[in-house]
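Quick notes on the structure that follows.
The values are calculated or read from the model by the stated rules, or taken from the named source; none is laboratory data. This structure is a prediction, so every number in the text was calculated from the model and none was measured. When we count neighbours, we look across all protein chains shown, and the Cβ atoms used for this are built from the backbone with ideal geometry, even at glycine. Ligands, DNA and RNA are excluded from the accessible area calculation, which covers all protein heavy atoms including side chains. Shrake-Rupley method; radii C 1.70, N 1.55, O 1.52, S 1.80 Å.
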Amino acid sequence: MINLRHKNHHPSFAKDLIYYLPSKIIPALFGFLLIIVLTHSLAPSGYGRYAFFLALVRLMDTLLFSWLRQSILRYLQEYNAKGLGAEFERDVSSLFLVVLGIEAVVSLAMIPVMRISFDDALLIIGLFFPITTFGYLSTFCQAKRLSAFYSVSSVIQSGVQMLWVICFVYIARKGYQFALLAIGVGYLSGVIYLIVKGVRPGKFALHFFFSKVKRGLYKALFAYGLPMAGWLLAFQLIFQSNRIFLEKFRSATEVGLFASAYDLINGSLSLLMTPFLLATHPVVMQLWAKDRDKIGIERLLERVSRYLLLFFVPVFFFILVFQEKTFAVLGKGYGVVGWVVPIMVLSSFIAQFSMYTHKGLEVMGRTKTMLTVGVMTVFFHIVLSFIFVKDYGYPACAVISLASYLFYIVIIYGFSKRYIRLRISCSSLCKMCFTAGILSIMMKYGGISGWACKGILETCLVSVVYVLIYGMILLVIGELYEEKRSVVAYFKRSIVRKV
């Protein structure tokens with residue numbers, strides 16, 4: 001059992017988590033609604049084109065800017081500790097503007113290579129700039145732990161995006177082009193908010209000759225950032241290449257079926273996973289930068305992993321029972337074969353959980369090892385895709401993705417555990433799985449599943465009861481003892497303060 005009162009537990013982790021929760025809960029709800037609206041407004045082929053072009057944009061953004069964002073998260077705290085934070089921001093902003101210009105040239109070069117129309121190319125370029133700029137500014141919010149600004153900008157971005165889609169795609173029926181424009185307009189709104197609030201690192205000015213730290217900084221950025229960019233690109237290729245393979249080997253319609261299902265699942269799990277990751281990463285880097293606190297990092301990762309599994313296990317077993325209701329909210333003609341659903345859910349969870357399995361390599365700066373394993377995983381994924389996707393379509397994509405993420409976790413953790421171990425209690429995991437599994441069997445063969453499948457409202461009601469019973473059983477058997485003790489202690493302190 002995890003001791004939540006260990007002295008190395010970082011006190012601001014919970015505060016950051018609370019701030020990051022709305023930054024993901026509200027956008028995730030908007031994203032959930034966005035998928036519903038788009039699938040009711042576009043044919044599967046239209047959603048397929050939307051997903052295909054968005055995949056290209058994400059890949060280009062990862063290729064050109066991920067190294068810079070990862071370097072900011074890695075080194076900002078260290079340069080602040082040396083009193084060189086302002087110069088760090090100026091030099092990084094110079095690099096950002098240079099790469100932004102390179103991005104424009106690369107985008108124009110894509111037109112003949114990708115064999116897309118000039119209008120679609122302009123649309124892609126229009127998406128690049130707000131997405132990359134928002135990612136750059138929000139990275140500084142995360143690195144500086146301006147979690148409130150991050151939350152508000154994310155809510156504005158998703159809200160404007162949703163409003164645009166409703167007006168122009170759902171009501172006016174303008175097609176997938178306006179759905180893509182909605183993405184750009186939403187991110188642009190978030191950029192404007194952050195700039196107005198003063199998130200302007202380096203004032204977006206070029207400073208090539210006056211920095212005292214430039215040479216060492218650039219060396220550090222490229223040594224750490226470029227391998228990280230390659231690793232992130234590899235991860236994006238695993239995620240996005242499914243859509244590209246389906247577009248080339250099958251059809252835009254099949255891209256739409258697979259992408260809408262995976263977007264719904266991945267977005268729903270991100271609602272749970274991403275706030276923890278955003279809150280955990282800066283704390284890990286702070287603990288390592290200040291004291292090389294390996295024990296504190298391991299205890300934090302153990303605590304986070306426990307909570308993620310505590311929430312995910314009942315979701316997975318519930319979906320095993322209600323596969324047929326998972327995509328009831330999507331438009332007519334959408335949805336995937338039932339047995340593929342739990343495969344996609346497990347794949348999405350493992351992909352996001354893998355972010356914790358390489359923390360040892362990340363804090364030690366072993367990014368070349370991360371890159372090597374990432375490239376091996378992409379090669380594994382692409383080879384299997386070439387063999388199976390053409391004949392078996394999106395079910396093959398789902399199985400291959402799961403196999404690829406498992407392949408990555410096994411290999412990367414073999415290297416990472418030399419520096420930082422990720423401890424998971426097997427007894428706790430068994431209790432969670434046993435409790436959720438028994439409840440699922442009782443629902444399936446006790447007649448409840450038939451009633452719950454009558455409609456979305458009934459399914460939601462059963463899911464709430466299911467989670468409550470799951471939590472109560474874990475509480476009774478003592479699995480939630482530490483959590484209960486923390487909650488009781490919190491209320492006691494609140495009562496004492498009021499008195």
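Just so you know, in the stretch 269-303 the residues that are among the β-branched types (V, I, T) and crowded, with 22+ Cβ neighbours inside 10 Å include one that is modelled with the highest pLDDT, and it is I297. Taking (1) closer than 22 Å to L38 by Cβ; (2) at pLDDT 80 or above; (3) of a type in the set (S, T, N, Q) in turn, S138 satisfies each apart from (1).
Residue-wise test of (1) over 20 Å from D119 (Cβ atoms); (2) open to solvent by 40 Å² or more (accessible area, probe 1.4 Å); (3) β-branched (V, I, T).
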{"site": "S153", "(1), (2), (3)": "yes, no, no"}
{"site": "Q161", "(1), (2), (3)": "yes, no, no"}
{"site": "W164", "(1), (2), (3)": "no, yes, no"}
{"site": "V169", "(1), (2), (3)": "no, no, yes"}
{"site": "Y176", "(1), (2), (3)": "no, no, no"}
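Test R74 against the stated conditions and say whether it is more than 18 Å from I131 (Cβ to Cβ), of a type in the set (K, R), modelled with pLDDT under 75 and buried (at least 17 other Cβ atoms within 10 Å of the Cβ). Here the answer is yes, as R74 does meet what is asked. Against the numbered list (1) in contact (Cβ under 8 Å) with a residue 24 or more places away in the chain; (2) open to solvent by 20 Å² or more (accessible area, probe 1.4 Å); (3) assigned to a helix (DSSP H, G or I); (4) within 16 Å of L38 (Cα to Cα), Y187 comes up short only at (4). Do you know which of the residues in the stretch 376-401 that are closer than 20 Å to A229 by Cα, among the β-branched types (V, I, T) and touching a helix residue (DSSP H, G or I) at 6+ places or on another chain (Cβ under 6 Å) is most open to solvent (accessible area, probe 1.4 Å)? The qualifying residue most open to solvent (accessible area, probe 1.4 Å) is V378. Being within 14 Å of the chain's Cα centre (by Cα) and assigned to a helix (DSSP H, G or I), is that true of even one residue in the stretch 294-303? No, the conditions are met nowhere in the stretch 294-303. Scanning the stretch 436-444 finds no residues that are closer than 18 Å to V304 by Cβ, among the basic types (K, R) and in contact with a helix residue (DSSP H, G or I) (Cβ under 6 Å, 6 or more places away or on another chain). Does the stretch 402-417 include one or more residues that are surrounded by 22 or more Cβ atoms within 10 Å (Cβ to Cβ) and at pLDDT below 90? Yes, some residue in the stretch 402-417 is surrounded by 22 or more Cβ atoms within 10 Å (Cβ to Cβ) and at pLDDT below 90.
Consider Y136 carefully, then state whether it is within 17 Å of L73 (Cβ to Cβ), in contact with a Pro (Cβ under 9 Å, 6 or more places away or on another chain) and among the hydroxyl-bearing types (S, T, Y). Yes; evaluated as a whole, the condition is true for this residue. The single residue among R423, R493 that is modelled with pLDDT of 75 or more, basic (K, R) and surrounded by fewer than 16 Cβ atoms within 10 Å (Cβ to Cβ) turns out to be R423. Residues in the stretch 426-444 that are surrounded by 15 or more Cβ atoms within 10 Å (Cβ to Cβ) and of a type in the set (F, W, Y): 0 in all.
Residue-wise test of (1) in contact with a helix residue (DSSP H, G or I) (Cβ under 7 Å, 6 or more places away or on another chain); (2) small (G, A, S); (3) open to solvent by less than 20 Å² (accessible area, probe 1.4 Å).
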{"residue": "G267", "(1), (2), (3)": "yes, yes, no"}
{"residue": "F318", "(1), (2), (3)": "yes, no, no"}
{"residue": "L330", "(1), (2), (3)": "yes, no, yes"}
{"residue": "V336", "(1), (2), (3)": "yes, no, no"}
{"residue": "V341", "(1), (2), (3)": "yes, no, yes"}
{"residue": "V345", "(1), (2), (3)": "yes, no, yes"}
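Of all residues in the stretch 276-293, exactly one satisfies the criterion of being within 19 Å of the chain's Cα centre (by Cα) and small (G, A, S), namely A279.
Pull up the stretch 102-126, narrow it to residues that are under 25 Å from T139 (Cα atoms) and open to solvent by 40 Å² or more (accessible area, probe 1.4 Å), then point me to the one that is modelled with the lowest pLDDT.
Filtering the stretch 102-126 for residues that are under 25 Å from T139 (Cα atoms) and open to solvent by 40 Å² or more (accessible area, probe 1.4 Å), the one modelled with the lowest pLDDT comes out as V106.
What number of residues within the stretch 335-367 satisfy the criterion of being assigned to a helix (DSSP H, G or I) and among the charged types (D, E, K, R)?
Matching residues across the stretch 335-367 total 2.
Residues that are more than 16 Å from the chain's Cα centre (by Cα) and open to solvent by 10 Å² or more (accessible area, probe 1.4 Å) within the stretch 347-373 comprise M364, G365, R366, K368, T369, L371, T372, listed in sequence order.
Taking the stretch 127-137 as the range and being in contact with a Leu (Cβ under 8 Å, 6 or more places away or on another chain) and open to solvent by less than 10 Å² (accessible area, probe 1.4 Å) as the test, the residues that pass are L127, T132, Y136, L137.
Residues in the stretch 141-189 that are among the charged types (D, E, K, R) and closer than 22 Å to Y50 by Cβ were compared, and the one that is modelled with the lowest pLDDT is R173. Among the residues of the stretch 250-265, the ones that are open to solvent by 10 Å² or more (accessible area, probe 1.4 Å) and more than 27 Å from S151 (Cα to Cα) come to 6 in all. A single member of L269, L330, L287, L300 is of a type outside the set (S, T, N, Q), farther than 23 Å from F235 by Cβ and in contact with a Ser or Thr (Cβ under 8 Å, 6 or more places away or on another chain), and it is L330.
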